[in-house]
Amino acid sequence: MARGGGGGGGGCGGGGGAGYTSLCGPGHSGVTGLTVVSNNMGVDGKGLGLLLENRQVTKVIASYVGENKLFAQQYLDKVLDVEFSPQGTLAERMRAGGAGIAAFYTRTGVGTPVAEGKPHAEFDGHVHVQERAIVADLALVHAHTADQAGNLTYRAAARNFNPLVATCGRVTVAEAEQLSEEFIDPGSVTTPGIYVSRLVVAHKRVKEIEQRTVRPRVTVEA
């Protein structure tokens, strides 16, 4: 499951790109043995964190652990099989899956545990490691606006991973905050509707901030 990423495949961003409404489907179904592809596993008790609590996930492909304490604990306890992939490589693996490219070579990760056991080749005097594309059985994406043809636009950080995730799923479910009665202007479409298999309207919710960082307020004298 690829979220915004085995028994199932999916992908998405950890927070801003998370499809919380569409994640209710796998959560309530009781399906187990899921392989989840996501930038990270978000936060405890929400979204993908609920799938971890229910022990529905057996493998995670992610770029970092993030703020999810249960994810970190299950990884350290060897309950989860975790494959770490550099963030840019993870994005390109999903893009390649959507473009029908089976594998590609990159210099990122050469000489580190990320490259262990993978084919290597030399190009232009530099060693590269082969990375396989990701094609998910189910891709879950979160969009800001969708029209009735399934065309999607995203807002802010949700645009980082969701457009790539949308292309790499055999079935792609798009969750949108707004459903437009009019067709989105073609010049504004980020994900064409041809990639979208199902469309749902997101439930209204308070959007969580994974980690708030602020500067001290400066007093300005007149």
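Tabulated results
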quantity	calculated
Residues with amide H under 5 Å from that of Leu199, placed H, sequence gap 5 or more	Ala174
The range 65-115: trypsin sites (Lys or Arg not before Pro) in DSSP loop, at most 15 other beta carbons within 10 Å	Lys78, Arg107
Amide H within-cut-off set for Leu152, under 5 Å, with H built and near neighbours excluded	Thr190, Thr191, Gly193
In Å², nearest 10: area of Asp137 left accessible to a 1.4 Å probe	70
Hz values of 3J(HN,Hα) by residue in the range 42-54 - Karplus curve (6.51, -1.76, 1.60), Gly and Pro given as x	x, 10, 5, x, 9, x, 5, x, 5, 5, 5, 4, 7
Alpha carbon centroid spacing (whole Å) that separates the range 65-84 from the range 113-164	21
For Glu177, distant residues with modelled amide H under 5 Å away	Ala143, His144, Thr145, Ala202
The range 45-79: chymotrypsin sites (Phe, Trp or Tyr not before Pro) falling in loop per DSSP and having at most 15 other Cβ within 10 Å	Tyr64
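The values are calculated or read from the model by the stated rules, or taken from the named source; none is laboratory data. It should be emphasised that the depicted structure is a prediction, and the values quoted were computed from it without experimental measurement. Note: ideal-geometry Cβ built from the backbone for every residue, glycine included; neighbour counts use all protein chains shown. Surface areas here come from the heavy atoms of the whole protein model, side chains and all, with no ligands, DNA or RNA. Shrake-Rupley method; radii C 1.70, N 1.55, O 1.52, S 1.80 Å.
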